[in-house]
Amino acid sequence: MKCFTSCFYKKYTYTLSRRYVSTSKNVEPLSEIVAYQNNLFDNEQKKQKEAVGRIEKMIIKYHGVPENVTLSMNKGISTPYDCAKHISEMLVKRTGLALVDNTHLWDMHRPLESDCEITFMHAQHLPDPYHFNRAYWRSCSLILGAVISKAFKNDIQPTLHSFPSPNVKSGSFVYDVELSNLPEWTPTENELRILSANMVKLAQTSYRFDRLAVSEELALDIFQDNKFKKEQVPNIAQQSIDKKVILYRIGDHIDISKGPMIGNTDLLGRCTITAVHRLDTKYGHLYRFQGVSLPKGIMLNHFAYSLLEQRAKKLNAARLPDQVNNDMFVPRFSSEDSIA
Amino acid sequence: MKGLLTFKRIKNHLTFNFNAFCNVLFGQMPPPALSFANPVETLKPSSQHLIDVQQLFKNSILWAVPKHRRTIEKRLGRKFGYITEFYKMLMPRTDLFTCNHCGHYYQRRHLCPNCYKRVKDETTEFQEVIEKELGLDPIEQEVVVLYKGEKTKKPEEFWKGKRIVELKREKPVWFCRNLLQRTTIGNSDCKDVKPSELA
Amino acid sequence: MNQAEVSQLISKLRIRISPRHKNLKCPEGPQGRLNKLRKTVNALFKYERLELNYTIADETRGYAERLISEAIRHGDTHKPTMEMADYWIEEKQLIHKLFKVLVPRFSDYKTSYTMLYRAPKAYPDIVYPRSVLELRGNPFPSILPQRIDQRNFIHNILLEEAKKAYRAEKYEQITKSLNEQDVVDK
């Protein structure tokens, strides 16, 4: 007999069994650069928050489930996440993306700027969770990048290149990485499983996606050890309206991306890294990590999921990293992603 | 005097022959308690002999005592319960979902309480009105309950053969009559697609 | 030996009926149980939607469906059916309803005539599981909400695309094998 306590607590926190933790010195990550990056990020975040100055109020209207609500929130500080917290716990848990004034897609932890009407999007949003799905795919790519940068031993340096525009229909999300000291590598089943497990483990730690619009110089400073990103930053800055580069941070991993991401990594449900393909590009040998995932709350039986995994094993035909003017950075009317 | 003697005898038998002692107790001799003839004797403080026997009764004969060690499996079973029968540990419920229509929680495979309450209130009203209207006459026609102004929307033939019961209220927003009914209206010719970036 | 087709002797109900009935906790015993069920069947025909405890609802469902199916099979001039209806339906105006309203309504049904839903638990008051039993085609608002179009959910999109990719591959293989055959034939 189950007790009808509405317990939404996490039952199991993932703790790696002591038997499987490597005692090798090879496994410890490079923490200096990461600390430096995060320091810069934190400082910029703080600076931007202080730049708001005097706190003014704004009216936010919410139409939807469970009830229509009008909120008075702080301009430049309150995020859609805060609005959701005022309305219902259910919204807090399941919402991944917000829609402002029916035109702009907004991250959950991005401060709102003026009076608006807000809608929350989740995995089962009606009539069409299209934007949520895209944001989710994009976030999965980013999380994959975070996982890859920590998964390898010390003698193999992963240099993250980028990930193409999310295409859910292709069947997999993608990250292109260069792995030094690994010219020829096909991952074994176990290695793929480890990557998948790492991804789920990272997701379960419930990291927020911190968004920050940053100047070109600061971005170059943050990515000084990543040769690919250093090249990309000036392009991105040029193509955006206000010459800012948009960075996202999960935990201590920072990456560049234009589009909206979901609010929190714990919306990741099932996840599998299905394949790693070797690409020959002008930058050398890059590895295309591919995976498939479903958000939390979407139910699918294991056979159907295995079909999705099988499809995701095939090489994703998204643009190769050396294609010039990669469509990831298509200029828009404003720096935010918007729908017609 | 007699009681004292009995006890002495019991004690003597106990020291030499346990079987004889038992015989004494349960065989011919009545229980020691009943053979007290002189109540005054009982009020005397018990002598050393008596204490000994009493102590023996207390310590040597063990009643209601575990015969075997309880295994760890049994102990854990009693402590935590059995998964297949009655588990005593608190387990998180994994069968609570959010209703997509009203946003409240519902149990898997059950109706959403919020949505159902709405329907239930409406239904009880309908049922009251119908019962009042039809009474005890033989029911020979299908009953249809209409809201204010719904009757005039459809032509007369539509209501032929049906018993109409009218409710003097506006139709609630959430009530959708055409869930399972087929219509003669075909698919729309409208070519607009919203939103514009449909998957 | 002339063995009758047992499966044809009584109508097949489109609901699950458990091998053993529920005792329903009656002080009068089995007769009391039938009385209780009779009242419930009567109420079901009268009100067309009832909220009951699950066990009683499940039991009456079997009896109600059987009664309706007998009425459909034999009509109202068949004596045993009439007697059955007379026993089970206490309010006699509902016998008219059974033969004149419910039989035409259900005569072409390929599904069951009743629906049984599990009602939400009225925690913390009520201990027994509750349910809602209704006759299909009733005039009340539908219990189940409108079905959501799940086509655009992420897992369905992924599955659709996987299906298309698989089919495309298969067609390729088929055309390839046909071409090879042509070459071989030539």
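Readers should treat all values here as calculations from the given coordinates under stated rules, not as data from a laboratory. Please read these numbers as outputs of a predicted model, since none were measured by experiment. When we count neighbours, we look across all protein chains shown, and the Cβ atoms used for this are built from the backbone with ideal geometry, even at glycine.
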Query raised in the report: What are the ³J(HN,Hα) values, in whole Hz, obtained from phi via the Karplus relation 6.51 cos²θ - 1.76 cosθ + 1.60 with θ = phi - 60°, for each residue of the stretch A:285-295 in sequence order, with x given for Gly and Pro?
Result: 8, 10, 10, 9, 8, 10, x, 10, 7, 10, x
Report summary line: DSSP beta bridges in chain A: the antiparallel percent, rounded to 5, is 95
Query raised in the report: Cα gyration tensor of the stretch C:99-178, axes a ≥ b ≥ c as square roots of the eigenvalues: rounded (a/c below 1.5), prolate (a/b > b/c) or oblate?
Result: oblate
Query raised in the report: Gaussian network model of chain A, Cα springs within a sub-10 Å range: biggest mean-square fluctuation belongs to which of A:Asp322, A:Asp115, A:Asp107?
Result: A:Asp322
Report task. Give the distance, in whole Å, between the Cα centre of the stretch A:287-323 and the Cα centre of the stretch A:217-240. Result -> 29
Report summary line: Cβ-Cβ cut-off under 12 Å around B:Thr98, Lys and Arg +1, Asp and Glu -1: the net charge is +3
Query raised in the report: Who wins for biggest fluctuation among C:His96, C:His155, C:His78 in a Gaussian network model of chain C, springs between alpha carbons below 10 Å?
Result: C:His155
Query - Amide H within-cut-off set for A:Arg278, under 5 Å, with H built and near neighbours excluded - result: A:Arg288
Query raised in the report: Do the sum for chain A: with -39,500 (n - 2.57) for every DSSP H run of n ≥ 4, divided by all residues, what is the mean residue ellipticity at 222 nm, to the nearest 500 deg cm²/dmol?
Result: -9500 deg cm²/dmol
Report summary line: Expressed as a percent, the portion of alpha-carbon pairs in the stretch A:143-207 spaced more than 15 Å apart is 60
Query raised in the report: Want the number for A:Lys49 to A:Asp101: 0.36 nm per residue separation, take away the alpha-carbon distance, what's left?
Result: 16.4 nm
Report summary line: Note, A:Leu218: beta-carbon cut-off 11 Å, +1 each Lys/Arg, -1 each Asp/Glu, net -2
Query - Largest to smallest principal axis extent of the C-alpha atoms in the stretch A:82-231, angstrom - result: 52, 39, 28
Requested in this report: Just the Kirkwood number for chain A, please: inverse of mean 1/r across all distinct Cα pairs, in Å, one decimal.
Outcome: 21.2
**Report entry** Residue with peak Gaussian network fluctuation, chain A [Cα springs, cutoff 10 Å], from A:Gly53, A:Gly96, A:Gly263
**Finding:** A:Gly53
Report task. Using only the Cα atoms of the stretch A:57-122, build the gyration tensor, take square roots of its eigenvalues as a ≥ b ≥ c, and label the shape rounded, prolate or oblate: rounded if a/c is under 1.5, else prolate if a/b is larger than b/c, else oblate. Result -> rounded
Report summary line: Total charge of the residues flanking C:Ser18 in space, meaning their Cβ is under 13 Å from its Cβ, with Lys and Arg +1 and Asp and Glu -1, is +2
Report task. State log₁₀ I(q)/I(0) for the stretch C:6-135 at q = 0.13, 0.17, 0.21 Å⁻¹ as given by the Debye formula over alpha-carbon point scatterers of equal weight, solvent excluded. Result -> -0.55, -0.93, -1.36
Requested in this report: Please arrange C:Arg66, C:Arg136, A:Arg94 by counting, for each residue, the other beta carbons lying within 10 Å of its beta carbon, fewest first.
Outcome: C:Arg136, C:Arg66, A:Arg94
Requested in this report: Let me know the shape class of the stretch A:129-313, please: from the alpha-carbon gyration tensor, a ≥ b ≥ c as square roots of the eigenvalues, rounded when a/c is under 1.5, otherwise prolate if a/b is greater than b/c, or oblate.
Outcome: oblate
